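*Asks:* Got a structure for you, questions after.
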């Protein structure tokens, strides 16, 4: 079901794919830089949120931008993911830098790159996604 939804999103128009990416980016920025950390729903639920947020951001960025090399693009997103975690205490004083959160961010980017490459036939772009 999730794979089918991702494939449908990949077939959106260029404006639609960029819209999904901007929505994901706004959500990730809000979640990382909000003043108070979110309530723990279960043990390590914040790590799950970091992972899913950056995986969705990476997938949406890949389908919106259609990079020639998703590995280089993913590397840039990893710098972005680690940098945001590092900046968090300076932007939101009640938040703390966490190596575990940064690891979840990086894992989300990595898995996002792998899933994008699988769904796009090795990184050739969303038009090649098979149903």
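Throughout, read-outs are computed from the coordinates displayed, never taken from laboratory work. What you see is a predicted model, and the numbers here were worked out from it, not measured in a lab. Positions of Cβ are generated from backbone atoms using ideal geometry, with glycine treated the same way; all protein chains shown enter the neighbour counts.
*Asks:* Quick one: angle between helix 70-91 and the longest Cα principal axis of the chain, in degrees between 0 and 90, rounded to 10, please.
*Replies:* 20
*Asks:* How do 25-38, 76-89, 102-115 rank on mean C-beta neighbours within 10 Å, highest first?
*Replies:* Result, highest mean Cβ count within 10 Å first: 102-115, 76-89, 25-38.
*Asks:* Can you pull the Rg over Rh of the stretch 70-122, Cα-only, Kirkwood?
*Replies:* 1.10
*Asks:* Sticking with this structure for a sec: Stokes-Einstein at 4 °C, 1.567 mPa s, Kirkwood radius from Cα pairs: D for the chain in µm² s⁻¹?
*Replies:* D, rounded to a whole number, is 86 µm²/s.
*Asks:* Helix 99-119 versus the longest principal axis of the chain: what angle, 0 to 90°, nearest 10, using Cα atoms?
*Replies:* 10
*Asks:* Quote to one decimal, in nm, the extra length available between residue 22 and residue 71 on full extension: 0.36 nm per residue of separation minus the C-alpha distance between them.
*Replies:* Length difference between fully extended and current span is 15.6 nm.
*Asks:* As a footprinting exposure proxy, order 50, 44 by other Cβ within 10 Å, with the fewest listed first.
*Replies:* Taking fewest neighbouring Cβ atoms as first place, the list is 44, 50.
*Asks:* Further, regarding this structure: Order these by the 10 Å Cβ neighbour count, fewest first: 100, 46.
*Replies:* 100, 46
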